[in-house]
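A quick write-up on the structure given underneath.
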Amino acid sequence: MAEASPLELASRAVALARRHGAEQCDAFAVAHVESTVSVRLGEVEKLMEAGSRSLGLRVIDGGRTSVCATSDFGAEALDRFAAGAVELARVSAPDEYAGLPAAELLGAGDADALRLYDERIESLPLEERIDMARACEEAALAHDARVANSEGASLSTRTGETALANSAGFAASYPAASVSLSAEVMADDADGKKRNAFWYSAERSLGALMDPERLGRIAAQRAVDQLGARKAETKRAPVIFEPMMAARLAADAARCASGAALYRGATFLAGRAGETVASPLVTLVDDPLAPARLGSRPFDGEGVPARRTVLFREGRFEGFLFDCYTARRAGARTTGAAWRDPAAAPEPGPANLVLEAGDAPAAAILADTREGLLVTALMGFGFNPTTGDYSRGAAGFWIENGAVAWPVAEANVSGNLADMLAHVDAVGDDLTWFGSVAAPTVRIDGMTVSGV
């Protein structure tokens, strides 16, 4: 007998919860197969393939909510599970903001237009996966004699289906696939220190994945470029974030633009919608409808059609990302930004976050910087969304007279995110995707750079 699909499981759970007296309910089901091949120093170090199926059921009864999850889908077990979720909701504390989306807000969107599934990923032979990982590592190790060791190269794939059904009549699902390749290597410094560096590519389709040899060479060059790194003198100076690091900056800004952060009083953007907060060069967008991107989806975790949402438009803060719950608390309307895990309630967050490109070549931004720090690595979690205070370990290159002078290690960059956004004075034309976040080169005209 064939396994029930995620959509069949979600619909069955909703029907059972209703039979047991649920006033409102929705069920979120996922099924996927993951595989990873890891090669280190030419030898296969790990082969893993695992399948997973899980179901989450949210019951809302008079504002009282329960969220339960299971991976036991037998008929009797599923019935007990639904009954238990209904009983748990009845003993929970009421919340006036709890509830499903209004029926008129629901919609399945167009999954086919998003190109989320590449069948070639599912059928990629094991030997070819091993060959790709091995070719990546070999290219890294052969790139420069100073690349002396490797943490390995890994190729991972994931294929599956996501489904949502609710008691308002919504029922839809979509398939998705992804593939990623990564490599990390070490170069030997003159004083015996190891300089680690990595690179990766993550895509929805096999054809879009970076060529393994090229990826390996990038990882190796980044390690070699850090040889001879030293600490920077403490001073205030311009800081250039390469695209990967600018993507992290964009993610920090988006974290502050979450409806959950707003109602918890944990964002410096509270009460600032409509204000000019950032430089006119800053436009930040959440776009779940971008074709073939890792965060793309036809509908959110509550069944609201996905939509493009502008967070910052030419420096003006346009507003927050909301799911239904946080929107009700804020007296706003959902932006279709609910993320969902079977074992947790929905919460708002970005899907595909894009810090839009400017028109300056990255090389021109560097050439225009008399002195400063080019950041190619960030460490730690020194960011407070409530105040905007920002302080992170960093590595990269010191710039003198518009050119890279020497590599920097054990540095720290600090400031306040509101001030940092306001002082963006150059944005590159080199928009680059890193998973579900894209950003170009970004320069901030002044931050505190210190040796640590």
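For region 3-102, what ratio Rg/Rh do Cα atoms give with a Kirkwood hydrodynamic radius? Mind showing how you got there, number by number?
Working: Rg = 18.0 Å, Rh = 15.1 Å.
Answer for region 3-102: 1.19.
Expressed as a whole number of Å, what is the distance separating the alpha-carbon centroids of region 109-152 and region 262-332?
After rounding, the separation between the Cα centres reads 33 Å.
Spin-label point model (7 Å from Cα, Cβ direction): what's the T276 to S414 distance in nm?
Here the modelled spin labels are 3.0 nm apart.
Counting only DSSP beta bridges with both residues in the chain, what percent are antiparallel, rounded to the nearest 5? Present the calculation step by step, with values, prior to reporting the outcome.
Numbers: 115 of 123 bridges.
Here the share of antiparallel DSSP bridges comes out near 95 percent.
Counting other beta carbons within 10 Å of each residue's own, what order do S154, S414 fall into, fewest first?
On the way: S154 24, S414 15.
Least to most surrounded, the residues fall as S414, S154.
Can you list the GluC sites (Glu not before Pro) in region 180-282 that are in a DSSP coil and have 15 or fewer other beta carbons within 10 angstrom?
E233, E275
Convex hull over the alpha-carbon atoms of the chain: what's its volume per residue in Å³? Don't skip to the end; give the middle numbers.
On the way: hull volume 68.7 nm³, N = 452.
Here the figure is 152 Å³ per residue.
Excluding residues fewer than 8 places away in the same chain, name every one of the lysines whose C-alpha is closer than 25 Å to that of K46.
Straight-line reach from K46, under 25 Å: K194.
Taking the beta-carbon count within 10 Å as an exposure proxy, list F320, F81 from fewest neighbours to most. Mind dumping the intermediate values first?
Details: F320 27, F81 21.
By the 10 Å Cβ count, ascending, the order reads F81, F320.
Let me see the pair-distance distribution of region 229-452: every alpha carbon pair, 5 Å bin width, integer percents in order.
Going from the shortest bin to the longest, the percentages are 1, 7, 14, 19, 19, 15, 11, 7, 4, 2, 0.
Over the Cα atoms, compute the radius of gyration (one decimal) and Dmax (the largest Cα-Cα distance, rounded to a whole number) for region 234-295, in Å.
14.4, 44
Relative to 2.2 N^0.38 Å, what does the C-alpha radius of gyration of region 322-440 come to as a ratio? Two decimals please. Kindly include the intermediate steps, with their values, before the conclusion.
Working: Rg = 18.2 Å, N = 119, 2.2 N^0.38 = 13.5 Å.
Normalised Rg, Cα atoms only: 1.35.
Of the listed peptides 98-106, 246-254, 189-197, 296-304, what is their order by residue-averaged count of other C-beta atoms within 10 Å, with the highest listed first?
Details: 98-106: 16.0, 246-254: 21.9, 189-197: 14.1, 296-304: 24.8.
Descending packing order for the listed peptides: 296-304, 246-254, 98-106, 189-197.
For region 150-203, with equal point scatterers placed on the C-alpha atoms only and solvent neglected, what are the log10 I(q)/I(0) values from the Debye formula at q = 0.15, 0.22, 0.30 1/Å, to two decimals?
-0.62, -0.85, -1.07
What nm distance separates the two modelled labels at E76 and R214, each placed 7 Å from Cα along Cα→Cβ?
Roughly 5.8 nm, to one decimal.
Hey, could you pull the Cα Rg and Dmax for region 278-383, both in Å?
Here Rg and the maximum Cα pair distance are 17.2, 52 Å.
For K235, list the aspartates and glutamates whose Cα falls under 20 Å from its own Cα; do not include residues on the same chain fewer than 8 positions away.
Correct list for K235: D368, E371, D389, E400, E410, D419, D425, D445.
Summarise the long-distance tail of P(r) for region 86-134 by giving the % of C-alpha pairs beyond 12 Å.
On the way: 942 of 1176 pairs.
Here the tail beyond 12 Å accounts for 80 percent of pairs.
Above 24 angstrom, tally the Cα pairs of region 106-247 and express them as a % of all pairs, no decimals.
Details: 5036 of 10011 pairs.
Above the 24 Å cut-off, region 106-247 has 50 percent of its Cα pairs.
Assuming 0.36 nm per residue, please report the length gained on full extension of the stretch E127 to R90 beyond their Cα-Cα distance. Mind dumping the intermediate values first?
Values: separation 37, 0.36 × 37 = 13.32 nm, distance 5.32 nm.
Residue separation times 0.36 nm, minus the Cα-Cα distance, leaves 8.0 nm.
For the modelled label position 7 Å from the Cα of R313 along Cα-to-Cβ, which residues of region 239-279 have backbone nitrogen atoms closer than 17 Å?
Answer for this model: 272-279.
Do you know the relative contact order of region 6-224, to the nearest whole percent, from alpha carbon pairs under 8 angstrom that are 6+ apart?
Values: 520 pairs, mean separation 51.3, N = 219.
Answer for region 6-224 is 23 percent.
In vacuum, with every alpha carbon of region 192-237 counted as one equal point scatterer, what does the Debye formula give for log10 I(q)/I(0) at q = 0.28, 0.29, 0.30 Å⁻¹? Two decimals, please.
Here the Debye-derived log intensity ratios amount to -0.99, -1.03, -1.06.
Kindly state, to the nearest 0.05, the FRET efficiency for A50 paired with A102, given R0 = 51 Å and r defined as their beta-carbon distance. Don't skip to the answer; put the middle values down first.
Numbers: r = 39 Å, r/R0 = 0.76.
With a Förster radius of 51 Å, E is 0.85.
With runs of 4+ DSSP H residues as the only contributors, calculate the mean residue ellipticity of the chain at 222 nm using -39,500 (n - 2.57) per run, divided by the residue total and rounded to the nearest 500. Could the numbers behind the result be given before it?
Details: 10 runs with 104 residues, N = 452.
Result for the chain, helices only: -7000 deg cm²/dmol.
So for S35, S205, fewest C-beta neighbours within 10 Å to most, what's the order? Could you put the intermediate results ahead of the total?
On the way: S35 20, S205 17.
In increasing order of surrounding Cβ atoms, one gets S205, S35.
Using only the Cα atoms of region 6-224, what are the Rg and Dmax in Å?
23.5, 71
Values quoted throughout were computed directly from the atomic coordinates according to the rules given, and no laboratory measurement underlies them. What you are looking at is a predicted structure, and each value in this text was computed from that prediction instead of being measured. Here Cβ is always computed from backbone atoms with ideal geometry, including for glycine, and neighbour counts include all displayed protein chains.
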